[in-house]
Amino acid sequence: MVVFACAECGAVVTTRVARVALPDHAGQKYGYGLLPSLLEPGTYAVDPGDGRPWQPLQPEPEIYGVRLMRYCITGPADRIGIAPGDVRRTVFIWERLGGCCCGWDGQYGPNLACAKCGHPVATRVDDCGFWQVVWLEPDAVRPVAVAGPVQRVMDWEDLSSTPPVDQRGYWSPQWEASVAVALAHLLTVSDGKQVAVPDGPVAEVFRQAIDALFPPGPPELHLVLAGPGLPAAITDIALVPRHPQTGEVWPCEAGAVVPLAADVWTYLAFHDDRRLLPAAYGMPAGVRRDDPPPLLPNSLFRPNTPAALIDL
Ligand SMILES: [Zn+2]
Ligand SMILES: [Zn+2]
């Protein structure tokens, strides 16, 4: 485990955290409500970024002697994301608190300073529509190894799933981001050849996008689920899980692999009924009557487009 310390004065500015893989929805903008934390407490993830340096957007005209400076929200490469509750001993930089609907969006650059020396160290993002996170500036902090419980890496079979649809019938934003990332991998490994997908939930979330992105015609390649708990699949392209802690992709003998976030993969592979035990006498009629029906989406699935994975 590590804590992160201010590179300027050495003050510790986080609790103890252990590294996990960066979630696919790290840069997602979704809806208009408050979203939960991007990362679990006690964890951190590194965003390699897209290679663009932190640059001001279009220069704004000077009005009444004041010029508004606006910055990319994406920030520099290798920012370190942590849960907002894991930050310690920082203070707001008031002139950089942009967003201001329900919180801050980080559009003016780092908005948290080290409370000891005043050096900008991080950007808090918690406005509506953003997954709440604090991005530590890679050059403003340094990791310090500390004693603590060793992070237990979960077995593949123990990984949980994220339901695809919420109570209102909306598709999960995590699913929209993760399927979009998997589609980008699929485009790369298929080399533009038409791909067949298995009927059922995989087709429900991939089919429409494949039809729109790939050239028409009979499929030349086949995408098949492969991973823990499934029989070994000999196929052109295997849709395999990516471990949420280590980022490891399930090792597979297929010609090519398309990694998919394990929480989405698990649901696609097992329809989330792995833990249901067979009942000896079936479900009593009264219980079945009161059991809520499965949640159904109120629209076709649409994976995120690059515009929804915010890079403004
Ligand atoms: Zn708001
Ligand atoms: Zn400091």
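Quick notes on this structure:
Matching residues to (1) more than 16 Å from ligand 2 (Cβ to nearest atom); (2) free of Cβ contacts under 8 Å to residues at least 40 places away in the same chain:
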{"site": "D78", "(1), (2)": "yes, no"}
{"site": "I82", "(1), (2)": "yes, no"}
{"site": "R88", "(1), (2)": "no, no"}
{"site": "V91", "(1), (2)": "no, yes"}
{"site": "W94", "(1), (2)": "yes, yes"}
{"site": "G98", "(1), (2)": "yes, yes"}
{"site": "G106", "(1), (2)": "yes, yes"}
{"site": "K116", "(1), (2)": "no, no"}
{"site": "P120", "(1), (2)": "no, yes"}
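- Residue match in the range 1-9 (condition: acidic (D, E), at pLDDT 85 or above and either surrounded by fewer than 19 Cβ atoms within 10 Å (Cβ to Cβ) or in a loop (DSSP other than H, G, I, E, B) (or both)): yes
- Search result, residues across the range 80-102 that are of a type in the set (A, V, I, L, M), surrounded by 14 or more Cβ atoms within 10 Å (Cβ to Cβ) and more than 16 Å from ligand 1 (Cβ to nearest atom): I80, I82, A83, V87, I93
- Checked against (1) of a type in the set (D, E); (2) within 16 Å of ligand 1 (Cβ to nearest atom); (3) open to solvent by 40 Å² or more (accessible area, probe 1.4 Å), D139 passes all but condition (2).
- Cβ-Cβ under 6 Å pairs, at least 6 apart or on other chains, the range 223-242 side acidic (D, E), far side open to solvent by 10 Å² or more (accessible area, probe 1.4 Å): D236/L221; D236/H222; D236/G255
- The residues of the range 111-136 that are among the aromatic types (F, W, Y) and more than 16 Å from ligand 1 (Cβ to nearest atom) amount to a single one, W135.
The values are calculated or read from the model by the stated rules, or taken from the named source; none is laboratory data. Just so it is clear, the model here is predicted, and its values are computed rather than measured. Reconstructed Cβ throughout: ideal geometry from the backbone, glycine too, with neighbour counts over all protein chains shown. When the accessible area is computed, the model is the full protein with side chains, heavy atoms only, and any ligands, DNA or RNA have been set aside. Shrake-Rupley method; radii C 1.70, N 1.55, O 1.52, S 1.80 Å.
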